[in-house]
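Structure first, then comments.
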Amino acid sequence: MKTLFSPHYRLMYAFLFSITISSIQSVNLLLILTACMAVCVVFLHSHQPKHLLKRWLKLNLFSLLIWLTLSWKIEPHGIVLNPLGITQATLISLRMNLIVLSIWLLLHHITDTLLVQAIAKLPLPKKLIHLFVLSIRYISLLGELNDKMEMAMKARGFQPQCNRFTLKVYAQRVALLLIHAMVKAEKAEQAMKARGFYI
């Protein structure tokens, strides 16, 4: 029984569950599943509700963009509501939330190290496993850099507000992250080529 809940099996369950969820067309079924999954996740993460809520809100900022783009359509007499687009936005939002909640549930207490070990045990080509491992490593490094930048901004007394200065600071932060990501990717590519790794 313990083997069936090993990290690499949990990864496979998450993958299979995500594929299943992506094929569901019923809004009511997705709502029920999302509610059940949310209850399970809240129960597991009951010791850090603020952190969980913050992560969930960040995820649904993307959902908001989907709603803003799909809910309207341009017709000869102007911009009007798009019922089909609203239905599609609802399905996408519910699926996205359900998949993320399932990953939070199935990969609970799995660290970066355990995740790398789990990926290495999956029945995948070696080169693909190497790419996954490198992705996890560099995403982790960029996450650490983002945390350091946030701490530095707080240490300098930065208070986000709805003004031009705040937008400028966040734009600079995103640009710096993208530059670091590009530099890291180039170094990783050079290192892989130096070791004879080609896709």
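The values are calculated or read from the model by the stated rules, or taken from the named source; none is laboratory data. Please read these numbers as outputs of a predicted model, since none were measured by experiment. FYI the Cβ positions are ideal-geometry reconstructions off the backbone, even for glycines, and counts take in every protein chain you see. Only protein heavy atoms, including side chains, enter the accessible area calculation; ligands, DNA and RNA are left aside. Shrake-Rupley method; radii C 1.70, N 1.55, O 1.52, S 1.80 Å.
A few points about this structure:
- Residue 149 satisfies every condition listed in (1) open to solvent by less than 40 Å² (accessible area, probe 1.4 Å); (2) modelled with pLDDT of 85 or more; (3) among the hydrophobic types (A, V, I, L, M, F, W, C); (4) out of contact with any Leu (no Cβ under 9 Å at 6 or more places or on another chain) except (4).
- Breaking point among (1) touching a Ser or Thr at 6+ places or on another chain (Cβ under 6 Å); (2) without any contact (Cβ under 8 Å) to a residue 24 or more places away in the chain; (3) surrounded by 12 or more Cβ atoms within 10 Å (Cβ to Cβ), for residue 93: (2)
- Annotation note: Cβ proximity below 7 Å between a residue of segment 159-185 that is without any contact (Cβ under 8 Å) to a residue 24 or more places away in the chain and a residue that is outside any helix (DSSP H, G or I) and of a type in the set (A, V, I, L, M, F, W, C) (sequence gap 6+ or interchain) occurs for 169/158.
- Filter result for residue 32 (within 24 Å of residue 119 (Cα to Cα) and open to solvent by 60 Å² or more (accessible area, probe 1.4 Å)): no
- Identity of the residue in segment 53-71, open to solvent by 60 Å² or more (accessible area, probe 1.4 Å) and among the aliphatic types (A, V, I, L, M), that ends up nearest to residue 84 (Cα to Cα): 68
- Scope segment 1-11; condition open to solvent by 60 Å² or more (accessible area, probe 1.4 Å) and either basic (Lys, Arg) or assigned to a helix (DSSP H, G or I) (or both); matching residues: 2, 3, 4, 5, 9
- Residue that is least open to solvent (accessible area, probe 1.4 Å), among those in segment 35-51 that are hydrophobic (A, V, I, L, M, F, W, C), over 10 Å from residue 97 (Cβ atoms) and in contact (Cβ under 8 Å) with a residue 40 or more places away in the chain: 41
- Some residue of segment 106-122 being at positive phi, open to solvent by 30 Å² or more (accessible area, probe 1.4 Å) and either within 16 Å of the chain's Cα centre (by Cα) or modelled with pLDDT under 85 (or both): yes
- Count of segment 95-111 residues, restricted to those that are closer than 30 Å to residue 193 by Cα and part of a helix (DSSP H, G or I), is 0.
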